[in-house]
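I'd like to ask you about the structure that follows.
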Amino acid sequence: SQQGEEDPQALSIQEGENATMNCSYKTSINNLQWYRQNSGRGLVHLILIRSNEREKHSGRLRVTLDTSKKSSSLLITASRAADTASYFCAMGGEGTSGSRLTFGEGTQLTVNP
Amino acid sequence: NAGVTQTPKFQVLKTGQSMTLQCAQDMNHNSMYWYRQDPGMGLRLIYYSASEGTTDKGEVPNGYNVSRLNKREFSLRLESAAPSQTSVYFCASGWTSGSYNEQFFGPGTRLTVL
């Protein structure tokens, strides 16, 4: 199965700074998604980028995808204390496995006020 | 809409006991999933159901069984719980439609097996 690796494992920044998280994967994908998990809660979908897209924006989020390098990055601009959470990338496979997602191990982001 | 609901929220079992985790969604999704999350790790897929009437194994199916009761409900059963099954269990649902397969998650069930 595909595996996602996220970098860094933990990131601590000050409010107002930008946060960048990276995800690498091993096999071909149909799409790549990013999710947020607040402590003790379920995951919440943030953004989806298809394999034929290179960049996507949603509010303060910017996602890039480089299929040649099998990597993606999530940028959160002007971070807030409320952005403190774990962030996971998830790979959507091709073909019949298209309904399945494979999750990375996550980046723990702490935004200090 | 309640979204994805899970019961119970917390459970403590003794080794060898059995239990069923319940999941329901009201978003008319065709696909439903069960994951486990261990400390400091991402989610691992246990079983999924791409449509009503079908179920398939994920990465870590051993020790679990599932039932897709109808389009709304997908249950996970532990027949003989083991300490290695101590984890947080998440149910999710979504559509299977080409490139758009984002998933919606329940709040989780925290299970401890003694």
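Here, each number is a calculation from the coordinates, and none is a lab measurement. As the structure is a prediction and not an experimental result, all values here were calculated from the model. Cβ placement follows ideal geometry from the backbone for every residue including glycine, while neighbour counts extend to all protein chains displayed.
Could you rank the peptides B:21-28, B:50-57 by their average count of other C-beta atoms within 10 Å per residue, with the highest value first?
On the way: B:21-28: 17.6, B:50-57: 14.1.
Listed from highest to lowest mean packing, they are B:21-28, B:50-57.
Could you work out the local net charge near A:Glu55, counting Lys and Arg as +1, Asp and Glu as -1, over the other residues with Cβ closer than 13 Å to its Cβ?
Residues close to A:Glu55 contribute a combined charge of +2.
Additional query: Let me check the size of region A:28-67 from its C-alpha atoms; what are the radius of gyration and Dmax in Å?
11.4, 34
I would also like to ask the following. When each pair of different Cα atoms in region B:1-66 is counted once in the 1/r mean, what is the Kirkwood radius in angstroms, to one decimal?
13.5
Could you work out the Rg to Rh ratio of the protein assembly as shown, with Rh taken as the Kirkwood radius (inverse of the mean 1/r over all Cα pairs)?
On the way: Rg = 17.4 Å, Rh = 17.9 Å.
Ratio of gyration radius to Kirkwood radius for the protein assembly as shown: 0.97.
Which of the residue pairs B:Lys14/B:Lys57; B:Lys14/B:Lys71; A:Lys26/B:Lys9; A:Lys26/B:Lys57 have a Cα-Cα distance greater than 27 Å in the structure shown?
Listed pairs above 27 Å: B:Lys14/B:Lys71; A:Lys26/B:Lys9.
Along Cα→Cβ, 7 Å out, is where each label goes; now give me the distance between the ones at A:Asn112 and A:Asn18 in nm to one decimal.
Using points 7 Å along Cα→Cβ, the separation is 2.1 nm.
Moving on. With r defined as the distance between the Cβ atoms of B:Ala82 and B:Phe10 and R0 fixed at 25 Å, what FRET efficiency is calculated, to the nearest 0.05?
Efficiency computed from Cβ-Cβ geometry: 0.85.
Could you work out the relative contact order of chain B, using alpha carbon pairs under 8 angstrom and six or more residues apart, expressed as a whole percent?
About 35 percent, as a whole number.
Related question: Please give me the summed charge of the neighbours of B:Tyr35: other residues whose Cβ is under 10 Å from its Cβ, Lys and Arg +1, Asp and Glu -1.
Numbers: positive: B:Arg36, B:Arg44; negative: B:Glu59.
Charge balance near B:Tyr35 sits at +1.
Count the net charge of all other residues whose Cβ sits under 13 Å from the Cβ of B:Gln22, scoring Lys and Arg as +1 and Asp and Glu as -1. If you can, show how the numbers build up before the last one.
Working: positive: B:Lys9, B:Arg68, B:Arg72, B:Arg77; negative: B:Glu73.
Overall, the nearby charge balance is +3.
Still on this structure: Just want to confirm a number: the relative contact order over region A:6-113, from Cα pairs under 8 angstrom separated by 6+ residues, in percent.
That works out to 37 percent.
Below 8 Å between Cα atoms, with a sequence gap of 6+, how large is the relative contact order for region B:1-52 in percent?
The normalised contact order for region B:1-52 reaches 31 percent.
Which whole number in µm²/s is D for chain A by Stokes-Einstein, with the Kirkwood Rh taken over Cα pairs at 4 °C and 1.567 mPa s?
So the translational diffusion coefficient is about 92 µm²/s.
So what is log10(I(q)/I(0)) for chain B at q = 0.14, 0.15, 0.23 1/Å, when the Debye sum runs over its Cα atoms only?
-0.51, -0.59, -1.35
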